[in-house]
Amino acid sequence: MAVIDAAVLERHGIKPDEYERILELMGREPNLLELGLFSVMWSEHCSYKSSRVHLRTLPTTGSRVVQGPGENAGAVDIGGGLCAVFKIESHNHPSFIEPYQGAATGVGGIIRDIFTMGARPIALLNALRFGSLATPLARRIFEGVVAGVGGYGNSIGIPTVGGEIVFDEMYSGNPLVNVLCLGISRIDGIVKGAAKGAGNPVFYVGAKTGRDGIHGATMASAEFDEKSAEKRPAVQVGDPFMEKLLMEACIEVMKTGAVLGIQDMGAAGLSCATSEMGSRGGVGMAIDVMHVPQRETGMTPYEIMLSESQERMLLVVEKGREHEVIEVFEKWDLHAVQVGEVIDGTRLKIHERGVLVADVPNRALTDEAPVYRRPMKEPSWQKDVQHLVPGDLGAPPAAQAAFERLLTVPTIASKRWAYGQYDHSVGTNTIAQPGMSAAVVRVKGTTTGLAVSVDGNGRFCYLDPHRGAMLAVAEAGRNVACAGGEPIGGTNNLNFGNPERPEIMWQLGEAVRGIGDACRALGIPITGGNVSLYNETEGRAIFPTPVLGVVGLLEDASKTTTRAFKRAGATVVLLGDNLGELGGSEYLATMHGKVAGQPPALDLSREAALQKLIVSLIRGGLVDSAHDCSEGGLAITLAECTFNSGGIGVTADLGAVGEGAWQPNATLFGESASRIVVSVSGDRLEAVMAAAKAAGVTAAVIGKTGGDRIQLRVGGTTAVDAAIVDAEQAWSTAIATQMGRR
Amino acid sequence: MKFSVLVFPGSNSDYDAFYAASAVIGEDAALVWHKDTDLQGADAVILPGGFAHGDYLRTGAIARFSPIMAAVKAFADRGGPVLGICNGFQVLLEAGMLPGAMVRNDRIKFVSRLVPVRVEQTDTPFTAACASRQVLHMPVAHGEGNYYADPETLAALEANRQVVFRYSDAAGEVTPASNINGSLNNIAGICNRQRNVVGLMPHPERATEAQLGSADGRVILASAVKALASLSR
């Protein structure tokens, strides 16, 4: 019998006070297996122990919400008896250690969450963060992650339709890989991850259990140091073929009605699936590990319970209907094996060849996991970084030079190098191609479409986490609205540093408060998400990076638009106000090497009005194109409107904002929120201006489409003048050039 | 007419082909499981894209042993039209129903985009409704689409007019720059000597609705309808 001492507890990531709580919940000393269960289930990754008190403040209800947080994924009603099932999840730590497999298994994990709900996955998006592409490490991680994202999604046949990629040296030791999956289900076809009915058999299906990924959840809940490479065995290897079979078989088997509950085995593997299903259903579960299919010999119950081998599912089946389930799996050459049964009471009982080896109240592992209200403290440097005096930066560079430089900054440049490796056409639902503001997919059998966007701005959140998080919600909603989608639901991925540091906890608390404020104002309920903490390497945290995924509904999928100008001679209108705000901008970071200032101001009621306006303009067919203004400001936005347009240029006069010598650059590159550039043809201009006025949204005619150049004047003086062909070439090849042909 | 679309474990464009043939083109269509032995009265057979059996050995290498393949061979031997798309093309190569082989794209990476392809031959059941040298825009999505054949086979393919599609530019010029994956002679698709078995890497079934970016691929399925109508006349 192993002795549980301080060293054992430390290896399991269990703090002394947590062990006291375990003793109390168990009423006795746990054995090593039981301690292992607590270790993974109480890890930050599984228990959300640091973030839970904050997450509870988020708005999670609404008339369209079919499933809020707490299940494998959230769901919102999209009409016609159907719902959109979606969730975002991170795989940051594994992707640093082994980029290809880390990213691939991240994709596999979120796909399982969606089909586990009974939904057919139809689209994937991702939000990625890497260090500067100037470094070989960042290039290697970027290359591996993109290949892994593609490798898994392409094989399984779920299109990767969009996302965002940001490069900043703050992520050099800690890349972010956040993946969103969207699926469609009948509302009455949703299956939950709850066990029910004592005596009902519990089945295991999918890949065999190996020693891979043991303590993956615990690893993802610790900081990195120079020994992190030694943690490679804790990263799992993905098998998209197995997952494809599982997905088809599970969707088919759920249609039989014989499946009462189902859950995938992701983080914390069998431990999590057995305890969560029991706990959700208010029942117990008894399993015998000898029945669990094993890839290796001599595995202990501890290893079997904690393994994070991929592509495995646990099902509770109605007693007497086992054959229906087995038959479907056999058709797909999968073997469903009974590993246990639902029992009365609320305990998880694990046996090894009939001998009871663990006996834990399952709620002790789940709902009764510790919840921390960790101390929060505003960082001492917070006010300093918000202080920005343009005069201190020296003379501003010429607008033309800044424009040309910004076009080739990897964060702004075309991400074709990445999405050219993603199959985005499989499934024949993809309306808006990757590289547009939001992805748009149609829902077969209906006239409806769904627009989806993932957004986050770590720089803004570093400067002001509350406002930065609000800006992320606003941008994701705006992107969806710019494709004609009415935002109806959101999912969030919170990527932060070590929550045991009060400054990090303050960032997290402020960011969640910002998400809540913005979601309430914009009518976007949060239906689920993921928290990734300890994103630090050698004591240095990433920028606080909440990523928001927003799903928007298009009642008529044919009424959508993209950022690209559609015809020459159209009027270019700016909706919203250009305030010339340079704080936290890409311009400031690239041209002055500075991350400083106040992030752009955000008036949520104006933002809400703007989003409603653009959705109604697109539905009414009044605008040809719509593009949200973000990184690089108005100048880059206008340039992007000419890209992929077949060479339709623009001549615009942007007025002038800002002061003195800074005027042109503040006007062109400031990243004020709540702005959309639209192009309007012929006699529709009057209607657009009238609608904007009625909505209380500032609308200004700033120019015309046409010609083959991008010509921007600030206050009557030409500031930028570039041939589209040159600008587009520079923008579209910048990342490939940096990556080389390797 | 009736299109039968095969479903191998790992097929991922099976439903797309089924949907294009039935919902878009308006013909009968059936999904046929690879363990079946009957083609369900097919007038034309489609081997869809995907990664049959995981493609862990060579693309298409295991699928040729599926029970349904005997029926497909017999159907082709009787002159029945068979279309292999992407992974389905790779299966036909592995099954020896078309000559040559696929290797890794020359630029190593997976390629996913809409590409122009020039129709070289209009006397196959899948190009009968095309104009000669018509340029079709269709998506490609593959990591191993680099067509290879030994010099004799390649010469025979050209001499017998078995190259049905080539990667070209939008104007229909076949150039080195338009060769997306390193295929010999810019080959995007070929047929057998009898001309009834056709394989191509681009996805016509994903290009049947303008809303999705291109409807150019409809003509491939429409060709089968036309070819069958002229046969039964």
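Every read-out reported here was derived from the displayed coordinates using simple, explicitly stated rules and does not represent laboratory data. From a predicted model like this one, the values you see are computed outputs, not experimental measurements. As a convention, Cβ positions derive from the backbone with ideal geometry for all residues, glycine included, and neighbour counts pool all protein chains shown.
Ordering A:Trp42, A:Trp332 by the number of other Cβ atoms within 10 Å of each residue's own Cβ, fewest first, gives A:Trp332, A:Trp42. Placing a pseudo-label 7 Å from each Cα along the Cα-to-Cβ vector at A:Glu378 and B:Lys226 gives an inter-label distance of 7.3 nm. Rounded to the nearest 20 debye, the dipole size of region B:2-232 about its Cα centre is 180 debye, using +1 on the Cβ of Lys and Arg and -1 on the Cβ of Asp and Glu.
Any idea which of B:Asn192, B:Gly100, B:Leu136 is furthest toward the positive side of the dipole for region B:2-232, if Lys and Arg beta-carbons carry +1 and Asp and Glu beta-carbons -1? Final value for the positive-end residue is B:Gly100.
Using the Cβ-Cβ distance between A:Lys208 and A:Leu356 with R0 set to 30 Å, the FRET efficiency from 1/(1 + (r/R0)^6) comes to roughly 0.80. If the segment from B:Asp28 to B:His137 were pulled out straight at 0.36 nm per residue, it would be longer than the present Cα-Cα gap by 36.7 nm.
Restriction of the chymotrypsin sites (Phe, Trp or Tyr not before Pro) in region A:362-420 to DSSP coil positions whose beta-carbon has at most 10 other beta-carbons within 10 angstrom yields A:Trp381. Normalising the average separation of contacting C-alpha pairs (under 8 angstrom, six or more residues apart) by the number of residues puts the relative contact order of chain B at 20 percent. When the trypsin sites (Lys or Arg not before Pro) in region A:278-369 are filtered for DSSP coil states and for at most 13 other beta-carbon atoms within 10 Å of their beta-carbon, the remaining sites are A:Arg295, A:Arg353. Each part gets one Cα centre, and for region B:121-168 versus region A:368-415 those centres are 52 Å apart. Put simply, the amide H of A:Ala358, placed in the peptide plane, has neighbours under 5 Å in A:Ile350, leaving out anything fewer than 5 places away on its chain.
Here the Karplus relation 6.51 cos²θ - 1.76 cosθ + 1.60, evaluated at θ = phi - 60°, turns the backbone of region A:149-154 into coupling constants of 4, x, x, 7, x, 4 Hz, with x for every Gly and Pro. When +1 charges are put on Lys and Arg Cβ atoms and -1 charges on Asp and Glu Cβ atoms, the dipole computed for the protein assembly as shown relative to its Cα centre reaches about 1460 debye.
Here's the picture: charge each Lys and Arg Cβ at +1 and each Asp and Glu Cβ at -1 in region B:2-232, and of B:Phe165, B:Val82, B:Ala149 the one pushed furthest to the positive end of that dipole is B:Ala149.
Run the numbers on chain A and let me know its relative contact order in percent, using alpha-carbon pairs under 8 Å that are six or more apart. Computed over chain A, the figure is 15 percent.
Kindly state, to the nearest 0.05, the FRET efficiency for A:His335 paired with A:Lys255, given R0 = 25 Å and r defined as their beta-carbon distance. The pair A:His335/A:Lys255 has a calculated efficiency of 0.80. What net charge do the residues around B:Ile190 carry, taking every other residue with its C-beta under 13 Å from that of B:Ile190, with Lys and Arg at +1 and Asp and Glu at -1? Residues near B:Ile190 contribute +2 overall.
I'd like the distance separating the alpha-carbon centroids of region A:160-216 and region A:443-511, in whole Å. So the separation of the two Cα centres works out to 20 Å.
In percent, how large is the relative contact order of region B:40-155, given Cα pairs closer than 8 Å and 6 or more residues apart?
Computed over region B:40-155, the figure is 25 percent.
For region A:33-118, the set of trypsin sites (Lys or Arg not before Pro) satisfying both a DSSP loop assignment and a count of at most 16 other C-beta atoms within 10 Å is given as A:Arg56.
By the gyration tensor of its Cα atoms, with a ≥ b ≥ c the square roots of the eigenvalues, what is the shape of region B:112-233: rounded for a/c under 1.5, prolate for a/b over b/c, or oblate?
Oblate is the answer for region B:112-233, as a/c is 1.5 or above yet b/c matches or exceeds a/b.
Rounded to the nearest 10 degrees, the inclination of helix A:685-695 to the longest alpha-carbon principal axis of chain A is 60 degrees.
By count of other Cβ within 10 Å, fewest leading, how are A:Thr667, B:Thr175, B:Thr59 ordered? Kindly include the intermediate steps, with their values, before the conclusion.
On the way: A:Thr667 25, B:Thr175 11, B:Thr59 28.
Lowest to highest Cβ neighbour count: B:Thr175, A:Thr667, B:Thr59.
The GNM of chain B, with springs linking C-alpha atoms under 10 angstrom apart, assigns the highest mean-square fluctuation among B:Glu152, B:Glu205, B:Glu120 to B:Glu152.
The modelled label-to-label distance between A:Arg619 and A:Val389, using points 7 Å beyond Cα along the C-beta direction, is 5.0 nm. Working note: 222 nm ellipticity from helices only, DSSP H runs with n ≥ 4, each -39,500 (n - 2.57), summed and divided by the residues of chain B, gives -6000 deg cm²/dmol to the nearest 500.
Take every DSSP beta bridge whose two residues both sit in region B:2-232; close to 60 percent of them are antiparallel.
Work through the residues other than A:Ala127 whose Cβ is under 12 Å from its Cβ and net out their charges, Lys, Arg +1 and Asp, Glu -1.
Spelling it out: positives minus negatives among the neighbours equals -2.
In plain terms, the C-alpha convex hull of chain A casts an average shadow of 29.9 nm² when viewed from every direction.
In this simple spin-label approximation, A:Asp683 and A:Ala661 carry label points 7 Å from Cα along the Cα→Cβ vector, and these lie 5.2 nm apart.
If I fit a long axis through the Cα atoms of helix A:99-116 and take the longest principal axis of the Cα atoms of chain A, what angle between them do I get, 0 to 90°, rounded to 10? It works out to around 70 degrees.
The amide H of A:Ser532, built 1.01 Å from its N in the peptide plane, has A:Leu494, A:Asn495, A:Phe496 as neighbours under 5 Å, considering only residues 5 or more places off or on other chains.
Rounded to the nearest 0.05, the FRET efficiency derived from the C-beta distance between B:Ala156 and B:Arg113 at R0 = 35 Å is 0.65. Electrostatic tally near A:Val680: other residues with Cβ closer than 12 Å to its Cβ, Lys and Arg +1, Asp and Glu -1, net +1. Between region A:618-661 and region A:28-66, the C-alpha centres lie 44 angstrom from each other.
Each DSSP beta bridge with both residues in chain A is either parallel or antiparallel, and the antiparallel ones are about 80%.
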